Amino acid sequence: MIDRDRHHPYPDALRPDESPAPHELLAPVTGLLGTWVGRGRGQYPTLPEAFAYEQEVTFSHDGRPFLHYEARAWLVDGDGTPLRPAARESGWWRMKPDGGVEALITQPTGIAEIMVGRAEDGTIDLATHAVALAPTAKDVEATRRRYTLADDGTLDFVHDLAAVGQPLGHHLSARLRREDGK
Ligand code: HEM
């Protein structure tokens, strides 16, 4: 049985200045560490109308050259009142010596993505390398995800989607801020 009071010997760090120190290969992405929250909008040609959502995204590390990524979203109405849970996903961003990123991301909708791309100058651009689908998952062919860290501490996120017979096109965009405001 799991002893829930036991202190984990290797806890994840959420900030670059806490222990363990980030691995040197995390240098292009240390600006992402922490928890981000914000509002976004989404659409897709197959959907009858656009939607608004809020999202919480966390990047952490344990001293090795990869990030742990976790994101939860929920739909909101025009006043920001939560309507229902929406997409969740989690995964691992493996950092390569040349600034390359290999990200493995899974979703409870039966979709597993492997994405490749680069992190440099506060921008991370990831595109699909492979998608695996559970037998009853929606037909997702590819995605592209771009994250841009701005000097004012915001993280902009744009997500394009090629799915259910549609070409790669806009699904989501959001502006996130650090939860602790730092
Ligand atoms: C912030 C994250 C996301 C939000 C808020 C979101 C929201 C939505 C909403 C509201 C719908 C309409 C169906 C429904 O009401 O549930 C939808 C459909 C869909 N989404 Fe997303 N989504 C997100 C992320 C993703 C990701 C990461 C993928 C794929 C990798 C994805 C793929 C799809 C697909 C394939 C559909 C179905 C389209 C159709 O069958 O017409 N979504 N999404």
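The values are calculated or read from the model by the stated rules, or taken from the named source; none is laboratory data. Given the structure is predicted, the values throughout are model-derived calculations rather than measurements. Using ideal geometry, Cβ is built from the backbone for each residue, glycine included, and neighbour counts are taken over all protein chains shown. Keep in mind that these areas ignore ligands, DNA and RNA; they rest on the heavy atoms of the full protein, side chains included. Shrake-Rupley method; radii C 1.70, N 1.55, O 1.52, S 1.80 Å.
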Once both label points are put 7 Å beyond Cα along the C-beta direction, the HIS170-SER19 separation in nm becomes 4.7 nm
Per GNM of the chain with C-alpha springs under 10 angstrom, the most fluctuating residue out of ARG64, ARG15, ARG84 is ARG84
Would you calculate the separation in nanometres between label points at ARG178 and LEU47, each defined as 7 Å from the Cα along the Cα-to-beta-carbon direction? 3.0 nm
How large is the charge dipole for the chain, taken about the Cα centre, if only the Cβ atoms of Lys, Arg (+1) and Asp, Glu (-1) carry charge, to the nearest 20 debye? 260 debye
Once both label points are put 7 Å beyond Cα along the C-beta direction, the THR109-GLU141 separation in nm becomes 1.6 nm
Accessible surface, per residue, of the chain when the full set of protein chains is kept, probe 1.4 Å, Å²: 58 Å²
Rounded to a whole %, the carbon-and-sulfur portion of the accessible area of the chain at a 1.4 Å probe is 53 percent
Name the residue farthest towards the positive end of the dipole of the chain from the options ALA71, TYR10, THR154, assuming +1 on Cβ of Lys and Arg, -1 on Cβ of Asp and Glu, about the Cα centre. ALA71
Report the Cα centroid-to-centroid distance between the range 159-182 and the range 9-23 in angstrom, as an integer. 28 Å
